[in-house]
């Protein structure tokens, strides 16, 4: 009698642990994902400053600068859905690339203190963004491990927890920006 | 950073003449020691002799005087030894440092401060004895750094058959390096040797003591790095910001070159690196020739290793907000 109670109790404890592991890892994924969002926001906030600094020194880059400002407004729009956000982000990356290449033609701009500081901030933002993506992937890895391995996979199935996919670079982003000479 | 061959030719061209002079001084110091020891032996035998022969106690005065003289000789030896050591360090080691990297400061009798050592938070036991020497500091490129030999110990009380006894337990002995890191960060991140790598029980306990209460475990993507090290941090993202894939590779490479376990911590926008080494480095030998190239090359190797940390870990790349 007591033995059965003991076994049942023991099993219950195990189930509680498994459940908690699954929930903790799922939450870690969500947390990491929102961190990426925060980093992206911070990066968007640097854009107006960038546009102002470059405007002062350049004559021919109006097109790219206007594009960047529009994209930034679109990115910070709260009503954009996930797909739109990704599309905007990719376009933004491409245009930033084009701008950085164009800046090569303006040695005064490249040497200005303002621009150098901005570049430092942008580099730091990129590095932080990369770090948050890596943290996200690590959280996904842990979660997937819990969802797929025995014995937590049984509980995961019951709770309808599915395997999630890693953060991948979209194919468009992988293309190197073309230089229009 | 110079190569081994360049150092050999430097040794032959520049150092040998000074080494010869120092060698003469060393021989004097050695003679003093031998004399002191001989006198002590004679005095001791004399005392014993008088005791066994049952001669008048007055005769004890002679060996007693000898022993007192021995003590004086011994004190003289200590003083000579200290002077010789300082001369050796100021002359030879100072020049080896200049050869590896000109423009650095070398303080033979100073060491990294205990505050900085505890700030690094790598070693958490309370320190009962702290000593060190051979401090080298300066700036290479944009990075300020300093390092020294350190020996920190902890006095442990234990009970043996009910009797209270004390012993000294080593906390750290080796080279301790501090540098200004090239990125800003707020929290603490630790890179410590991985438990699983170490089968020896002693190291198990040592590492376990290090790992409790250090924040979250951070699992990184580099499998080789994960095998060698275990990473703890207050913040998962900050840990990855600091430990970029490139830096992880560099740390691995440095670990191989050092041929010893290394411990790192990133605190207060500084990087701390501890290389545990058993022997006393950079000391002037008395009982054997301090002139041999093989002997000097080991100084050179450790000195070079520490100074090369900045280049090896790419600390001079300052493309982020910290300049």
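Mean separation of Cα pairs under 8 Å and 6+ residues apart, divided by the residue count of the stretch B:51-143: what relative contact order is that in percent?
With pairs under 8 Å counted, the relative contact order is 26 percent.
Considering only C-alpha atoms, what is the centroid distance from the stretch B:279-311 to the stretch B:160-175, in Å?
29 Å
Once you keep just the Cα pairs under 8 angstrom separated by 6 or more residues, what percentage relative contact order results for the stretch A:2-174?
33 percent.
Subtracting the Cα-Cα distance from 0.36 nm times the residue separation, let me have the gained length for residue A:38 to residue A:126 in nm, one decimal.
Gain in length upon complete extension: 30.4 nm.
For chain B, set up a GNM with springs between Cα atoms under 10 Å and report which of B:45, B:175, B:136 has the largest fluctuation.
B:45
With Kirkwood's inverse mean 1/r over C-alpha pairs for Rh, give me the Rg to Rh ratio of the protein assembly as shown, two decimals please.
Dividing the radius of gyration by the Kirkwood radius yields 1.13.
Round to the nearest 0.05 the FRET efficiency obtained for residue A:62 and residue B:110 when R0 = 60 Å and r is the Cβ-Cβ distance.
Computed FRET efficiency for residue A:62 and residue B:110: 0.50.
Need one number: the % of Cα-Cα pairs in chain A sitting beyond the 21 Å mark.
Everything past 21 Å amounts to 62 percent.
Ranking request for peptides A:136-147, A:119-130: highest mean number of other beta-carbon atoms within 10 Å first, then the rest in descending order.
Taking the mean over residues of other Cβ atoms within 10 Å, the ranking is A:136-147, A:119-130.
Could you tell me the center-to-center distance, by alpha carbons, between the stretch A:1-65 and the stretch B:1-79 in angstrom?
Between the Cα centre of the stretch A:1-65 and that of the stretch B:1-79, the gap is 69 Å.
With a ≥ b ≥ c the root eigenvalues of the C-alpha gyration tensor of chain B, is it rounded (a/c under 1.5), prolate (a/b larger than b/c) or oblate?
oblate
Go ahead and set up a Gaussian network model of chain B, Cα springs under 10 Å, then flag whichever of B:190, B:123, B:287 fluctuates most.
B:287
Can you give the mean number of other chain Cβ atoms that lie within 10 Å of the Cβ atoms in peptide B:312-321?
3
Seen from all sides and averaged, what is the projected area of the convex hull of the Cα atoms in the stretch A:27-66, in nm²?
One quarter of the hull surface, i.e. the mean projection, equals 3.1 nm².
Taking 8 Å as the Cα distance limit and 6 or more residues as the minimum spacing, I'd like the relative contact order of chain B as a percentage.
The value is 18 percent.
So which residue, out of B:43, B:215, B:138, gets the largest mean-square fluctuation from a GNM of chain B using Cα contacts under 10 Å as springs?
B:43
Every read-out reported here was derived from the displayed coordinates using simple, explicitly stated rules and does not represent laboratory data. Keep in mind that this is a model prediction, so the values were computed, not measured. We place every Cβ from the backbone using ideal geometry, glycine too, and count neighbours over all the protein chains shown.
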